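The values are calculated or read from the model by the stated rules, or taken from the named source; none is laboratory data. Note that this is a predicted model, so its numbers are computed, not measured. With ideal geometry, Cβ positions are generated from the backbone for all residues, glycine too; neighbour counts draw on all protein chains shown. The accessibility values were calculated without ligands, DNA or RNA, using every heavy atom of the protein model including side chains. Shrake-Rupley method; radii C 1.70, N 1.55, O 1.52, S 1.80 Å.
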Amino acid sequence: MIQDILHLRAPEGSWINDPNGLIYYKGKYHLFFQHFPYAPEWGTMHWGHAVSTDLIHWEHLPVALFPTKEYDKNGVFSGCAVEKDEQLYFYYTAVKYLETDPENIHRAAGDRYETSQALMTSKDGFHFDNWKDKRQVITCGVFGLDANARDPKVWRYHDEWYMILGGTDGGRAAQVTFCKSRDGIQWEYVNRYRNARYGRILECPDIFCVDGDYIFLGSGMYLMDDGENYASQALCVPAVFEEGSCSLQLPEQYHYIDYGLDLYAPQTNLDAQGRRFMIAWMRMPEAVEDRWNGMMCLPRLVEIREGQIFFPVHPSVADAFSKKVPDLEQLDGDMPYRIRVTMKNGERLNIGGYQIWIWDDCLRTDRSHVFPVKGEGCRRASTPPLCGKYELDIFVDRQIIEIYVNGGQYVLSHIVYGLGQNIQGRIESVWQM
Ligand code: FRU
């Protein structure tokens, strides 16, 4: 049995990306994820599966969903889970290539593929019959949906089920489509929203209400073209949304969900206490020692405070770091640790080669020394201005540093390779699990 503590990682020899089907169900958190079990690179998508009772200890389980049908023979793409009639209903995007790359059957030739939306059910969240319990629910081409329609997120409103799907308006503008259903099987078109400011294709859309305010999350493709950062980025905005008619209005200006710009494809649901929380994929530009690629960020709550969206670390993570380390000599740098410090303008901190400082009212970081990687992934990052308040809560674990600023006002997380054990600079306290 593989157990991950704190951060969920791709199992040895494999690849993971987006979280899927995140749900608290019968006393356990189920986290599924995009998974290629055979090599640490993206390929024909399966849904990997892990469960946890506390969002800290993750037990990996056998692959849950995998291709068995003509319509999903080239991949079980991202989707969600809902509980219906005591069962789990998983909605996902089914992928079928119109032509495969003869040198790599895990890729479509010339980007020629077809997608549809499919449903898989499970009686208990542990047993999956990929032959008997699947059906296609939204075929390709209906409701004006093209091959880029993907990543269904489903919720209940009054007596009906609603779905938001990502996609594009002809490759020019990000677009989402809303559908609804009485039984979760027959779906009808409800509404559509497009906005070129949110990228050319919108992946993994999510919309929900927190304390009376709507929040929209999405991952926009081709948002950045500076050649430095990943071109596609996950963003968040307060939304004006009318459930029922699914009329949506989004502001022109968005925020990043994480200012490290590695985070992508977030998914939310309610935790055991009914709070909205989020987990997302942390992109890695190369496999760790050629062995595994991809991990999840720490679970974060999603809150609105005075009109701004906050992502504080989930309380179960904060609580897990219960042992105060009396001095740095006694810190076990091979295990995860948490540093707390309120910084001053101009002050610097160096965590094993990862540089953190405050300048011009922003938190700034530089990972050049712990990111010996060619290709995508920027080395420097910064938050928006912080109005003179610099309370940092820093979680350090193998391959990753997550910095929560001012209780989640902004978060800046980075993948790192070969982090050292030396800590230089003033800190207020260090904690371990
Ligand atoms: C986002 C994404 C989704 C898709 C999945 C495929 O990272 O591209 O849109 O369903 O990954 O693995």
task: Filter segment 272-283 down to the residues that are in contact with a strand residue (DSSP E or B) (Cβ under 7 Å, 6 or more places away or on another chain) and open to solvent by 10 Å² or more (accessible area, probe 1.4 Å), then identify the one that is farthest from T53 (Cα to Cα).
output: R283
message: Where the second residue is surrounded by fewer than 18 Cβ atoms within 10 Å (Cβ to Cβ) and among the hydroxyl-bearing types (S, T, Y) and the first is more than 18 Å from S382 (Cα to Cα) and lies in segment 330-345, which pairs have Cβ atoms under 8 Å and are six or more apart or on separate chains?
response: I339/S429; R340/S429
message: So, in segment 33-65, how many residues would count as being of a type in the set (S, T, N, Q) and more than 16 Å from the ligand (Cβ to nearest atom)?
response: 2
field: Out of Q308, Q330, sole residue that is open to solvent by less than 70 Å² (accessible area, probe 1.4 Å) and out of contact with any strand residue (DSSP E or B) (no Cβ under 7 Å at 6 or more places or on another chain)
entry: Q308
field: Odd one out for V302 among (1) under 23 Å from L363 (Cα atoms); (2) open to solvent by 30 Å² or more (accessible area, probe 1.4 Å); (3) of a type in the set (V, I, T)
entry: (2)
task: Identify all residues within segment 239-265 that are crowded, with 18+ Cβ neighbours inside 10 Å, touching a residue at least 60 places away in the same chain (Cβ under 8 Å) and either away from the ligand (no atom under 16 Å from the Cβ) or among the acidic types (D, E) (or both); write none if there are none.
output: C246, L248, D258, Y259, G260, D262
task: Please state which of the following conditions Y193 fails to meet, knowing it meets all the rest: (1) touching a Leu at 6+ places or on another chain (Cβ under 6 Å); (2) open to solvent by less than 20 Å² (accessible area, probe 1.4 Å); (3) of a type in the set (F, W, Y).
output: (2)
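Would you mention how many residues in segment 203-225 are at positive phi and within 16 Å of the ligand (Cβ to nearest atom)?
Residues in segment 203-225 being at positive phi and within 16 Å of the ligand (Cβ to nearest atom): 2 in total.
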task: Given the conditions (1) closer than 20 Å to Q399 by Cα; (2) more than 17 Å from the chain's Cα centre (by Cα); (3) open to solvent by 20 Å² or more (accessible area, probe 1.4 Å); (4) modelled with pLDDT of 95 or more, report the number of the one that E286 does not fulfil.
output: (4)
- request: Could you list all residues from segment 66-96 that are open to solvent by 20 Å² or more (accessible area, probe 1.4 Å) and within 16 Å of the ligand (Cβ to nearest atom)?
  value: F66, P67, Y71, K73, F77, K96
